[in-house]
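One structure below.
The values are calculated or read from the model by the stated rules, or taken from the named source; none is laboratory data. A quick note: this is a predicted structure, and the numbers were derived from the prediction, not measured. Cβ: placed from backbone, ideal geometry, glycine included. Neighbour counts: every protein chain shown. Protein only, heavy atoms only, side chains kept; ligands, DNA and RNA dropped before computing areas. Shrake-Rupley method; radii C 1.70, N 1.55, O 1.52, S 1.80 Å.
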Amino acid sequence: MPKRPFNNRLNDLAPKEWLKFQKSWFIHNPPPRRKYVLRHPAKFPETLAQEFIEFFTKKGQVVFDPLAGTGSTLVAALRSGRHCYGVELNPAYAEIARQVVAEEKSALGLSADSFTAEIIPGNALEIINLLAAHPIPPVNYVLTSPPYWDMLHASGAQTQKARRESAEMDVFYSDDPNDLGNIHDYDEFIEKLAGIFIALKPFLVDNAYLTIIVKNVKKKGKIYPLAWDLAKRLCEIYSLKDEKIWAQDNQRLAPYGLGNAWVSNTFHHYCLQFRKEGEKRE
Ligand SMILES: C[S@@+](CC[C@H](N)C(=O)[O-])C[C@H]1O[C@@H](n2cnc3c(N)ncnc32)[C@H](O)[C@@H]1O
């Protein structure tokens with residue numbers, strides 16, 4: 001531990017908590033979801049989002065999620081005393097996010113005007129126009145998770161099977177052609193997804209971090225290194241600051257390739273860290 005006073009310019013953590021977060025992997029098994037957010041096919045846990053927000057910001061700073069889903073980042077920001085803005089394409093998820101945020105504010109005893117947690121319905125592929133119409137303060141941190149390409153359209157996944165049989169749960173995010181999860185060409189998907197973060201750069205304060213939670217994906221036996229390809233593309237614009245690996249160890253193992261070939265049960269995600277620093281081209 002440092003002997004001199006700990007001058008913490010990034011967050012409000014004590015040195016011990018800071019060090020704990022710097023480990024490059026962690027296990028986080030999502031707690032059960034609240035009933036009305038079950039409709040959404042792929043949300044990340046608020047408890048996980050809160051740890052990231054509390055590392056990469058100080059109290060009162062501004063967090064942004066351009067693909068906000070049912071609002072986990074906004075809820076986590078409220079719990080940590082940060083302001084948060086999110087964009088979501090599907091109006092039904094945007095409405096759920098609004099309800100979730102209102103409930104969280106009342107559970108935390110926060111008045112309506114204490115911390116901002118605002119969901120902006122719209123298309124993140126047009127983030128510049130969207131934020132011109134809904135101005136937000138300079139952003140200190142971006143935390144998000146995009147659709148994992150068009151993987152929700154894959155017919156084999158067990159989770160998808162359960163969803164197809166339920167009237168209350170969505171299999172895909174939407175039918176909207178602007179939905180990143182409906183882009184079937186891999187290169188186009190990477191380029192459009194990267195375009196959102198490139199367009200966001202002027203809205204971020206200098207030295208702001210971005211965390212993007214993604215996975216490499218497998219389709220018809222072929223690996224598409226989505227996490228690595230996105231990291232490589234965004235390195236042209238931001239500084240890549242390594243990854244933190246999120247592992248889940250409560251998933252049922254499937255006997256893929258048993259007795260025949262190596263096929264992993266992929267129970268980890270990459271939390272890719274980027275920073276806006278130095279001179280990189282816009
Ligand atoms: C992996 S989910 C995010 C889940 C979110 N982190 C949560 O915990 O609820 C990705 C979200 O991106 C949204 N999305 C897809 N394309 C979009 C676009 N062009 N603009 C805005 N949102 C989009 C989907 O509707 C989906 O809710």
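Annotations
- Condition check for residue 86: open to solvent by less than 10 Å² (accessible area, probe 1.4 Å) and assigned to a loop (DSSP other than H, G, I, E, B): no
- Per-region count, region 39-91, residues closer than 18 Å to residue 147 by Cα and basic (Lys, Arg): 2
- Strands (runs of 3 or more DSSP E) completely within region 201-282 that count 1 or more residues being open to solvent by less than 20 Å² (accessible area, probe 1.4 Å) and farther than 16 Å from residue 190 by Cα: 204-214, 239-247, 268-275
- Meets criteria (more than 9 Å from the ligand (Cβ to nearest atom), among the small types (Gly, Ala, Ser) and part of a helix (DSSP H, G or I)) for residue 106: yes
- Cβ-Cβ distances below 9 Å connect the following pairs, each with a first residue in region 61-75 that is part of a loop (DSSP other than H, G, I, E, B) and more than 9 Å from the ligand (Cβ to nearest atom), a second residue that is open to solvent by 10 Å² or more (accessible area, probe 1.4 Å) and aliphatic (A, V, I, L, M), and a separation of six or more residues or different chains: 61/205.
- Region 9-25 - residue that is open to solvent by less than 100 Å² (accessible area, probe 1.4 Å) and not hydrophobic (A, V, I, L, M, F, W, C) and, of those, nearest to residue 268 (Cα to Cα): 24
- Being among the β-branched types (Val, Ile, Thr), at negative phi and at pLDDT 95 or above is a property that residue 37 lacks.
- Lone unmet requirement of (1) within 21 Å of residue 204 (Cβ to Cβ); (2) crowded, with 20+ Cβ neighbours inside 10 Å; (3) not charged (D, E, K, R) for residue 97: (1)
- The single condition among (1) in contact with a Gly (Cβ under 7 Å, 6 or more places away or on another chain); (2) closer than 29 Å to residue 24 by Cβ; (3) more than 10 Å from the ligand (Cβ to nearest atom) that residue 56 does not satisfy is (1).
- In region 114-133, the qualifying residues are those that are free of Cβ contacts under 8 Å to residues at least 24 places away in the same chain and surrounded by 13 or more Cβ atoms within 10 Å (Cβ to Cβ), and the one that is farthest from residue 92 (Cα to Cα) is 114.
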